[in-house]
1. Within the stretch 164-199, can you find the residues that are in contact with a Ser or Thr (Cβ under 7 Å, 6 or more places away or on another chain) and not hydrophobic (A, V, I, L, M, F, W, C)?
2. Has the stretch 272-280 got any residue that is open to solvent by 10 Å² or more (accessible area, probe 1.4 Å) and assigned to a loop (DSSP other than H, G, I, E, B)?
3. Filter the stretch 192-210 for residues that are closer than 22 Å to VAL33 by Cα and touching a Lys or Arg at 6+ places or on another chain (Cβ under 8 Å); which is modelled with the lowest pLDDT?
4. Return yes when ASN51 is touching a residue at least 40 places away in the same chain (Cβ under 8 Å) and more than 30 Å from LEU30 (Cβ to Cβ) and no when it is not.
5. So which residues in the stretch 101-121 are in contact with a Lys or Arg (Cβ under 9 Å, 6 or more places away or on another chain) and open to solvent by 10 Å² or more (accessible area, probe 1.4 Å), if there are any at all?
6. Could we say that HIS164 is touching a Lys or Arg at 6+ places or on another chain (Cβ under 8 Å) and surrounded by fewer than 16 Cβ atoms within 10 Å (Cβ to Cβ) here?
7. Restricting attention to the stretch 272-325, which residues are of a type in the set (Ser, Thr, Tyr) and at pLDDT 50 or above?
8. Within the stretch 224-253, which residues are surrounded by fewer than 24 Cβ atoms within 10 Å (Cβ to Cβ), among the polar types (S, T, N, Q) and part of a helix (DSSP H, G or I)?
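The values are calculated or read from the model by the stated rules, or taken from the named source; none is laboratory data. The structure presented is a predicted model; accordingly, all values stated were derived computationally and were not measured. As a convention, Cβ positions derive from the backbone with ideal geometry for all residues, glycine included, and neighbour counts pool all protein chains shown. Areas reflect the complete protein model, heavy atoms only, side chains present, ligands, DNA and RNA absent. Shrake-Rupley method; radii C 1.70, N 1.55, O 1.52, S 1.80 Å.
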Amino acid sequence: MPRKAAHFVGRGEEGALLDEESETVVISGLGGVGKSSLAARWALRQTAHRNPVWWITAESRADMDAVLAVLAAAMQPALIDVLPQEALRERALQWLSAHDGWLLVLDNVTDPGDVAGLLARAGRGRIVITSRTTDAWYGIGRVVTLPVPAAVEAVELFTRVATHTGPRDTTGAEELCETLGQLPLAVEIAAAYCGRTATTPLAYLAELGRSGGLGNAEEAVARPLSVTLDRLSATVPYAAGVLRLLGWFAPDWIPALLLPPFPGVREALGELAAHSMVTPHEDGSVSVHRLVQAVARRPPPGTTVSGGRRSIGGRRHEHAQGAVLPRDGPCEGRAGPQGRSSFRRACSWTWSVSWARRTGRRWWPAPGSPGSTGP
C-alpha cells in the first residue's frame, strides 16, 4: 500500500460509505481532489481483517496485468522465475475468484473496460476503484463523487501541514485556500512551502497574484508549484530538473536509481518531499502525483520553438535550474501519448520489479557512495 495523506482531513461521510458498502465502489472526482488519499487511508484500516490488501495502479490494462503478476509472485515467491507474467496474472485471477476476505484498490482507472475482466472474476472480495471518469460505471459499482473539501476543511489541511514542525503565522490561510480552489493537492503544496520557510499565507498569496488566473485543476496545482520551485531554485538548483525528469515516468514507486548519481540530486529529492511535491517510500523509490507530473512536463517559461531551436531565454532558464536533464521525454515525437505512456510503464516495471528481483539490492545508493548498489 502507498503511504498517502499523512495530514488527512475530513471525508468522514465517504469513509463511512466505504465501510457500509459490500459491493464495488468507484471514487470519482477531479485530479488532486484526494481520491487516492481517501482510498489509501481507508484501505490501510482494512489490513486488520482483510488479507491481502493490494494496491494496483490501473491506468491501463498493461498496468493491471503487471501488478496482478506481482500479486501472484508475492503469494508464491517460488513462481517468480518459473512462470511468465501472463501465467502469473492468470494464477492471481484464479486465486481471487476462489477466495474471500481480500481487498484490491484499482487506482486511477481511465477506461472501465480495462478492469472488466478482473471484475467479472472477482469472486467474494472487495474492490475499490478511483477514477477521474464519473460516467460509464453503470452496472459496475456504486459511484461516489468526491467534491473539493469545504472551506473550513481546506484551511484545517493548510494549518496542519504548515504547522506540523512548529507554530507558524497562518493569517490569510482562508484567502489562500479560496484562491487555490480549495483543491487539496494545491493547498498542501502551498502549505508545505509556507511551513518550511515561515512564509505567511498573505506573502505567498502575493506571489500567486503574479502568476495569472486560475483555470482547471492543473492550473490550480501549477501556480503554487511554480512559486515554490522558483524560490527553491536559488538554494537547490537540481530541484526543478529532478521533478521534470520524474514527470516522464509512471507516477508510483519510481526507483531513485533512474536519476543521475549526482550529489545534489539526493538533496533535491529531500526538498521536493519536504515541500509535498513527491512522496518518498521506505525502499528508496518515490511517487509523484499525476497533476504534478503534468505541470513538470511543461516547457520552461520563455521557451519558444523556431526552426527547431529553443530560445536563449529558455536555455538560460534550464541552465539555471540545473538542466543537465532531458528537456523532452524519451518517447517524445515517436508514438504520441500512447508511446510515452508505454515507456513510463516499462521503465517503472522493468527497474522496480525485474532489477530488484534479480539482484536483491535496494534501489537507493548507500550514503557516501554515489551510484553504489550495495546491499
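1. Listed by number, the residues that qualify are ASP169, THR170, THR171, GLY172, GLU188, TYR193, GLY195.
2. Checking the stretch 272-280: at least one residue is open to solvent by 10 Å² or more (accessible area, probe 1.4 Å) and assigned to a loop (DSSP other than H, G, I, E, B).
3. Among them, the one singled out is LEU208.
4. yes
5. GLY101, ASN108, THR110, ASP111, GLY113, ASP114, GLY117
6. No, not satisfied.
7. Residues of the stretch 272-325 of a type in the set (Ser, Thr, Tyr): 276, 279, 285, 287, 303-304, 306, 311.
Once the filter is applied, which keeps residues that are of a type in the set (Ser, Thr, Tyr) and at pLDDT 50 or above, the stretch 272-325 yields SER276, THR279, SER285, SER287, THR303, THR304.
8. Answer for the stretch 224-253, where residues must be surrounded by fewer than 24 Cβ atoms within 10 Å (Cβ to Cβ), among the polar types (S, T, N, Q) and part of a helix (DSSP H, G or I): just SER226.
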